[in-house]
Amino acid sequence: MKRLIAALFALAAAPIAVAQQAQGVGRNEIVIGSMQDLSGPVVGLSKPFKNGMEMRVEEVNASGGVNGRKIKLIVEDHGYDPKKAVLGAQKLVQKDKIFAMLGTIGTPTTLASMPILFEKNVLHLFPLTAAREMYEPLHRLKYSFAATYFDQVRAGVKHLVKMKGAKKVCTMYQDDDFGLEVMRGAEAGLKEINMVLAEKTTYKRGATEFSSQISRMKDSGCDLVVLGTIIRETLGAIGTARKIGWGVDFVGSSASYTDLIHKLGGPAMNGFYATNTVNNPYLDDASKNVRDWGQRYKEKFKEDPSVFSAYGYAAIDLFIQIAQKAGPKLTTDTFINTIENFSAPRDMFGSDAMSFSKTKHLGSNRARLSQIVNGKWTPVTDYITD
């Protein structure tokens, strides 16, 4: 009879134990998801980011995983389309049962997919977008690790205006959430030094022709142009300006800080400024750790790493550090308790030191300015505090 009673208690307790087990965390595995653009306009950013993530996952799994659990990374292609992002999030959450969504690219795509995650108590971590909505308003499930486009551009433009003695600032930005954040950051930085944008021009996502915008800004007499652009629009805008002999200074956000700019745009891109939160990992980098890492990356993927490779690697590494510290009983709550008391120094790629708390879900709000000099990104400032 005692054995029967004990067995009944065990059966009754079993569903409770299962209910307390976090989705995506098994005895030997942690399942995480990511949504990238592998077929659309920013595949040049997503592909190296995905490579960087996979490289770090492979490394940690080879060394025994996180507290004995291997990481399983599932990547969905959203093509930079919010509708596809919703479908991808539904699959990852409902079918694949992910523990966390990590590193999803794009402001409109992340904004579209976040509600699906939150409904199922799934963490949204370190997206590859620097929009303020990635950590504001405060939500227990969302965390970002790099300075927002708004803060990057606010501080960077203000610093560059003073450095170059610019008198008239214009902007060309993508007509969506991403571009608006860049434009608003420029407005805020200029307001702090009693200036305003002299001309605002926009373009629709996917545009390839920018002559009218460039002509308007040139006619306005601007001597500094803030770009809320990514890759091909950055190349198009600067290339168009140079073709008509306009030698104005251009500055972009971290969305346009990539080696693809100088690789695809050639000498015309020399002089272009951008804000950045991670340094591009060149194979001749001064740091031996970065050079060695870059060689391993090139051997694995048969191409040089980019700054987005470093972003992907660093995002997974940050997740690993926090999950490891959370201990073997990994749940959403233990992860949150750990990240809200977590800090990390600068990493080998030069990322700023990070810290999180119950009221601070952004790792760092600082960026630095870099410039393309002789076909290579070169830091102009350290992290700008102001």
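The values are calculated or read from the model by the stated rules, or taken from the named source; none is laboratory data. Predicted model only: the values in this text are computed from it and were never measured. Every residue, glycine as well, gets a Cβ built from its backbone with ideal geometry; the counts of neighbours run over all protein chains shown.
Hey, does the range 101-110 have a residue that's surrounded by fewer than 23 Cβ atoms within 10 Å (Cβ to Cβ), part of a loop (DSSP other than H, G, I, E, B) and in contact with a Leu (Cβ under 7 Å, 6 or more places away or on another chain)?
Taking every residue of the range 101-110 in turn, none turns out to be surrounded by fewer than 23 Cβ atoms within 10 Å (Cβ to Cβ), part of a loop (DSSP other than H, G, I, E, B) and in contact with a Leu (Cβ under 7 Å, 6 or more places away or on another chain).
Please verify whether the range 367-378 includes one or more residues that are buried (at least 18 other Cβ atoms within 10 Å of the Cβ) and part of a helix (DSSP H, G or I).
no
Is it the case, given these coordinates, that Asp382 is in a loop (DSSP other than H, G, I, E, B), surrounded by fewer than 17 Cβ atoms within 10 Å (Cβ to Cβ) and out of contact with any His (no Cβ under 6 Å at 6 or more places or on another chain)? Don't jump to the end; show me each part of the working.
Details: in a loop (DSSP other than H, G, I, E, B): yes; surrounded by fewer than 17 Cβ atoms within 10 Å (Cβ to Cβ): yes; out of contact with any His (no Cβ under 6 Å at 6 or more places or on another chain): yes.
Yes; evaluated as a whole, the condition is true for this residue.
Exactly one of these conditions fails for Ala89: (1) in a helix (DSSP H, G or I); (2) crowded, with 24+ Cβ neighbours inside 10 Å; (3) in contact (Cβ under 8 Å) with a residue 60 or more places away in the chain. Give me its number.
(3)
Given (1) in contact with a Gly (Cβ under 9 Å, 6 or more places away or on another chain); (2) modelled with pLDDT of 95 or more, where does His139 come up short, assuming only one miss?
Here His139 meets the rest and fails (1).
Looking only at residues in the range 44-65 that are modelled with pLDDT of 95 or more and hydrophobic (A, V, I, L, M, F, W, C), which one is nearest to Trp293 (Cα to Cα)?
Step one: list which residues in the range 44-65 are modelled with pLDDT of 95 or more, which gives 46-65.
After this cut, where a residue has to be hydrophobic (A, V, I, L, M, F, W, C) as well, the list is 49, 53, 55, 57, 60, 62.
Working: Phe49: 15, Met53: 13, Met55: 10, Val57: 14, Val60: 15, Ala62: 16 Å.
Once the filter is applied, the top-ranked residue is Met55.
Suppose we filter the range 219-236 for residues that are buried (at least 18 other Cβ atoms within 10 Å of the Cβ), over 22 Å from Phe308 (Cα atoms) and out of contact with any Cys (no Cβ under 9 Å at 6 or more places or on another chain); how many remain?
The total comes to 0.
As an exercise: evaluate Tyr143 against (1) under 30 Å from Lys70 (Cβ atoms); (2) of a type in the set (Phe, Trp, Tyr); (3) assigned to a helix (DSSP H, G or I) and give the number of the one condition it does not meet.
In the conditions (1) under 30 Å from Lys70 (Cβ atoms); (2) of a type in the set (Phe, Trp, Tyr); (3) assigned to a helix (DSSP H, G or I), Tyr143 misses (3) alone.
Give the residue that is nearest to the chain's Cα centre (by Cα), with candidates limited to residues of the range 34-71 that are among the hydroxyl-bearing types (Ser, Thr, Tyr) and under 27 Å from Pro108 (Cα atoms).
Filtering the range 34-71 for residues that are among the hydroxyl-bearing types (Ser, Thr, Tyr) and under 27 Å from Pro108 (Cα atoms), the one nearest to the chain's Cα centre (by Cα) comes out as Ser46.
For the range 55-69, indicate whether the set of residues that are closer than 29 Å to Arg366 by Cβ and surrounded by fewer than 17 Cβ atoms within 10 Å (Cβ to Cβ) is non-empty. Even if it seems obvious, please write down each step before you answer.
Residues of the range 55-69 that are closer than 29 Å to Arg366 by Cβ, as a first pass: 55-57, 59-60, 66.
Filter once more, so that each one left must be surrounded by fewer than 17 Cβ atoms within 10 Å (Cβ to Cβ): 59.
Within the range 55-69 (the criterion being closer than 29 Å to Arg366 by Cβ and surrounded by fewer than 17 Cβ atoms within 10 Å (Cβ to Cβ)), the answer is yes, since at least one residue qualifies.
Within the range 204-235, which residues are under 22 Å from Thr275 (Cα atoms) and within 22 Å of the chain's Cα centre (by Cα)?
Arg205, Val226, Leu227, Gly228, Thr229, Ile230, Ile231, Arg232, Glu233, Thr234, Leu235
Identify, from the list Asp285, Asp333, Asp317, Asp347, the residue that is among the charged types (D, E, K, R), without any contact (Cβ under 8 Å) to a residue 40 or more places away in the chain, on the phi < 0 side of the Ramachandran plot and part of a helix (DSSP H, G or I).
Values: Asp285 fails: part of a helix (DSSP H, G or I); Asp317 fails: without any contact (Cβ under 8 Å) to a residue 40 or more places away in the chain; Asp347 fails: part of a helix (DSSP H, G or I).
Being among the charged types (D, E, K, R), without any contact (Cβ under 8 Å) to a residue 40 or more places away in the chain, on the phi < 0 side of the Ramachandran plot and part of a helix (DSSP H, G or I) holds for just one of Asp285, Asp333, Asp317, Asp347, which is Asp333.
Output the residues belonging to the range 162-201 that are part of a helix (DSSP H, G or I), free of Cβ contacts under 8 Å to residues at least 60 places away in the same chain and more than 19 Å from Ala274 (Cβ to Cβ).
Once the filter is applied, which keeps residues that are part of a helix (DSSP H, G or I), free of Cβ contacts under 8 Å to residues at least 60 places away in the same chain and more than 19 Å from Ala274 (Cβ to Cβ), the range 162-201 yields only Lys191.
In the range 73-82, is there at least one residue being touching a residue at least 12 places away in the same chain (Cβ under 8 Å) and either under 24 Å from Tyr383 (Cβ atoms) or more than 20 Å from the chain's Cα centre (by Cα) (or both)? Step through it out loud before you land on a result.
Initially, the range 73-82 is screened for residues touching a residue at least 12 places away in the same chain (Cβ under 8 Å), giving 73-82.
This time we only want the ones that are either under 24 Å from Tyr383 (Cβ atoms) or more than 20 Å from the chain's Cα centre (by Cα) (or both), so: none.
No, the conditions are met nowhere in the range 73-82.
Is it true that some residue in the range 32-45 is out of contact with any strand residue (DSSP E or B) (no Cβ under 9 Å at 6 or more places or on another chain) and in contact (Cβ under 8 Å) with a residue 12 or more places away in the chain?
So far as the range 32-45 goes, yes, one or more of its residues are out of contact with any strand residue (DSSP E or B) (no Cβ under 9 Å at 6 or more places or on another chain) and in contact (Cβ under 8 Å) with a residue 12 or more places away in the chain.
Count, please, the residues in the range 278-336 that happen to be of a type in the set (Asp, Glu) and surrounded by 15 or more Cβ atoms within 10 Å (Cβ to Cβ).
Residues that pass the stated criteria total 3.
Only one residue in Ile238, Ile261, Ile230 is of a type outside the set (Gly, Ala, Ser), outside the structural domain of Asn61 (by TED's automatic domain parsing) and not in a helix (DSSP H, G or I). Which one? Break it down into steps so the answer makes sense when it comes.
Values: Ile238 fails: not in a helix (DSSP H, G or I); Ile261 fails: not in a helix (DSSP H, G or I).
Just a single option satisfies the conditions, and that option is Ile230.
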